[in-house]
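Read the structure below first, then the notes.
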Amino acid sequence: QVQLVESGGGLVQAGGSLTLSCAASGNPFRINFMAWFRQAPGKQRELVASISSEGSTNYAESVKGRFTISRDNAKNTGYLRMSSLKPEDTAVYYCNSNIKRSPISAAQSYWGQGTQVTVSS
């Protein structure tokens with residue numbers, strides 16, 4: 001079974017950097033788009049960044065110029081490099097991906113377990 005396993009979260013000081021990883025296990029046949037969402041306590045989940053299978057990227061206005069989404073297709077892994085972090089970036093970050101598990105499987109959406117990112121003042 002395909003699973004998305006996130007890592008890289010933790011505590012960082014404001015202005016610091018952190019890189020999150022999202023590894024797709026279970027030998028997915030094809031990974032279409034990948035995205036990162038985040039949700040702070042009492043807030044709605046929001047889209048942070050996304051990257052298409054062709055490498056086209058989109059970012060939330062609040063993170064443009066600070067965050068970079070990327071993917072390594074050979075490793076079935078997506079990344080979110082976060083720089084110039086602010087306290088308002090504190091949230092649980094979730095990896096999301098549309099994945100085709102096998103040549104005869106329909107593509108479907110998968111979610112990572114979430115990883116906590118805390119930015120101190």
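General observations
- Charge-dipole axis of the chain as Lys and Arg at +1 and Asp and Glu at -1 on Cβ define it, positive-most pick from Ala40, Val5, Val63: Val5
- Per-residue extension of 0.36 nm, minus the Cα-Cα distance of Ala14 and Asn27, leaves a gain of 1.0 nm for this segment.
- Pairwise FRET efficiency - Ser109 versus Arg81, Cβ, R0 = 22 Å, nearest 0.05: 0.40
- The mean sequence separation of alpha-carbon pairs under 8 Å and at least six residues apart, normalised by the residue count of the chain, gives a relative contact order of 36 percent.
- Exposure check, 1.4 Å probe, all protein chains in place: Lys75 carries approximately 130 Å² of accessible surface.
- The length gained on full extension between Glu46 and Ser121, counted as 0.36 nm times the residue separation minus their Cα-Cα distance, comes to 24.8 nm.
- Magnitude of the charge dipole, segment 26-121, Cβ model with Lys/Arg +1 and Asp/Glu -1, debye to 20: 160
- Using the Karplus relation 6.51 cos²θ - 1.76 cosθ + 1.60 with θ = phi - 60°, the per-residue 3J(HN,Hα) values for segment 55-61 come to x, 6, 10, 9, 9, 5, 4 Hz, with x marking Gly and Pro.
- If you count Lys pairs in the chain whose Cα atoms are under 26 Å apart, skipping same-chain pairs closer than 8 places in sequence, the total is 5.
- The GluC sites (Glu not before Pro) found in segment 1-84 that occupy coil by DSSP, while having at most 10 further C-beta atoms within 10 Å, are Glu54.
The values are calculated or read from the model by the stated rules, or taken from the named source; none is laboratory data. Everything quoted here is computed from the prediction, not taken from an experiment. FYI the Cβ positions are ideal-geometry reconstructions off the backbone, even for glycines, and counts take in every protein chain you see. Accessible surface areas use protein heavy atoms only, side chains included; no ligands, DNA or RNA. Shrake-Rupley method; radii C 1.70, N 1.55, O 1.52, S 1.80 Å.
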